[in-house]
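Encoded as structure tokens, the structure appears first; notes follow it.
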Amino acid sequence: MSKEITSRSTDYAQWYNDLILKGGLADYSAVRGCMVIKPYGFALWENMRDALDRMFKDTGHVNAYFPLFVPKSLFEAEEKNAEGFAKECAVVTHYRLKNDPSRKGALMVDPEAKLEEELVVRPTSEAIIWNTYKGWIQSYRDLPILINQWANVVRWEMRTRLFLRTAEFLWQEGHTAHATREEALEETKKMLDVYADFAENWMALPVIKGVKTESERFAGAVETYCIEAMMQDGKALQAGTSHFLGQNFARAFDVKFSDKDNKLEYVWATSWGVSTRLIGALVMAHSDDDGLVLPPRIAPWQVVIVPIYKGEEQKAKIDVKAKELANELRAAGVRVKYDDNDNARPGWKFAEYEMKGVPVRIAIGARDLENNTVELARRDTREKVSISADGLTERIVLLLEQIQQSIYNKALAFRDAHITKVNSWEEFKQVLNDKGGFISAFWDGTPETEAAIKEETKATIRCIPLDNVQEAGKCVYSGKPATQRVLFAQAY
RNA sequence: CGGGAGGUAGUUCAGCCCGGUAGAAUACGUGGUUUGGGACCACGGGGUCGCAGGUUCGAAUCCUGUCCUCCCGACCA
């Protein structure tokens, strides 16, 4: 046993870190708050990225790339946005190093090489993009602009956690420009739907679509839509956001267009993004005390084949069978790893691939060759069966779909079991404390009440669900009249 | 930024209190036996003890400074 995982009940935070590190997704680096995404973790991200990228393109978007640096004067143009991010910006002030005369072999910042204007390392790209759009948009004929970029951004957070909050992270950010308010709003909601679709159908992660309250809104947005997910420790995690920016950025960067009647109008905007944080969500939603549990649709390897043999002769025979099977599976579009590494024994491999969350394991040994069988094990339920080797490919393709569904259903059942309607403040605190999860409660709609609840319980309003029913009630905290329930939770 | 822990072999850690020139497990290399749930034996390679000063005949160990990482909190579109 070289890789012990801390159990969830012992220390949830440590369990999470163990999975990331021992599962081979990422590593700490020498840079404060920054992580190294290892090949296995990056393969997972690539699968997520590719699926999302297809969905963006299917909804009419194209990719482009904008600079990492934003001149400070551009950054500050949209005041609320700048203010919202100001406290967590990395800033470039110099462009050259030189030998330090006082310390041999050391370098120092060359004071002669101070930039005339500081460059902000983008925490988000609205500023540089809208500055660019200004030059691209004159007429309604230039609209809409539907651009996405895959990029890294930097937010100098006080406290970081692998994948969930790192100083630098990878994400995509869509930035669209529209001629009308309606079209921009429609875009905002469309991309929220894309995110929800992706979360549920690819990540097997059930999410609640909703709107943020004013205090949780993106700095510079008119309205922030979000998808919220529930983790196994009862804390919520914001999995993606889609912002209706109104004309705020168009005004800040003076982006106007002539409409059909030759009237000058400010352009309407949206932006939307998801990040490598989704990997954190994935880990915390599905995994168990034995390691990662990855949904087949995005797992780097969907199937691992482990040969079990005594001696070279047996290995050669099993090799033939295993490679044949691997090729058949690959032809059917299944991502397969055949692990014939002779240095590790089968038991070690079993544990290792369970740790890494590979959905399906096939073991083939001498017995199997004789009986024309294989041992089939699924990661999510730990079920293990010996089955005929005939028709295995079809069976596995089907099984992968079943596992995908099964993981989703499990997460959904957990999520639904962790939405609790409460009607009194006492109940609110008790449920939050004993059970966690989402708390559905009436809210009087004021930021004051929201802040007071946060102060007392650390719970925030995660969202006002889009499909909310309007009903009369009394605010759980203030007792004032309320028109609907909203979802509270402690969040990552 | 407050509280806590820590930096010694690739990794996890012991050694530090009480100074004497670095050790275990694991990983790695070679050979052999093994292989249906994290194998075993033998031999072997590997560390300027985070960094910089200081005290001392002598520092991983004591003193001062400094950098960095992790955890909890505050903060967090």
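Annotations
- Enumeration of residues in region A:355-391 that are near RNA strand B (Cβ under 6 Å from one of its atoms) and assigned to a strand (DSSP E or B): A:Ala363, A:Glu375, A:Ala377, A:Lys384
- Of all residues in region A:335-354 being open to solvent by 10 Å² or more (accessible area, probe 1.4 Å) and either in contact with a helix residue (DSSP H, G or I) (Cβ under 7 Å, 6 or more places away or on another chain) or among the basic types (Lys, Arg) (or both), the one that is nearest to RNA strand B (Cβ to nearest atom): A:Arg345
- For region A:26-42, the count of residues that are among the charged types (D, E, K, R) and open to solvent by less than 30 Å² (accessible area, probe 1.4 Å) is zero.
- Verdict on A:Tyr28 being within 16 Å of RNA strand B (Cβ to nearest atom) and not aliphatic (A, V, I, L, M): yes
- Scanning region A:211-249 for residues that are more than 17 Å from A:Glu126 (Cα to Cα) and more than 12 Å from RNA strand B (Cβ to nearest atom), we see that the one that is most open to solvent (accessible area, probe 1.4 Å) is A:Gln232.
- The criterion of being open to solvent by 60 Å² or more (accessible area, probe 1.4 Å) and touching a strand residue (DSSP E or B) at 6+ places or on another chain (Cβ under 7 Å) does not hold for A:Leu143.
- The set of residues in region A:289-324 being touching a residue at least 40 places away in the same chain (Cβ under 8 Å), surrounded by fewer than 24 Cβ atoms within 10 Å (Cβ to Cβ) and more than 14 Å from RNA strand B (Cβ to nearest atom) consists of A:Arg297, A:Pro300, A:Trp301.
The values are calculated or read from the model by the stated rules, or taken from the named source; none is laboratory data. The model shown is predicted, which means the values in this text are computed figures rather than measured ones. As a convention, Cβ positions derive from the backbone with ideal geometry for all residues, glycine included, and neighbour counts pool all protein chains shown. The accessibility values were calculated without ligands, DNA or RNA, using every heavy atom of the protein model including side chains. Shrake-Rupley method; radii C 1.70, N 1.55, O 1.52, S 1.80 Å.
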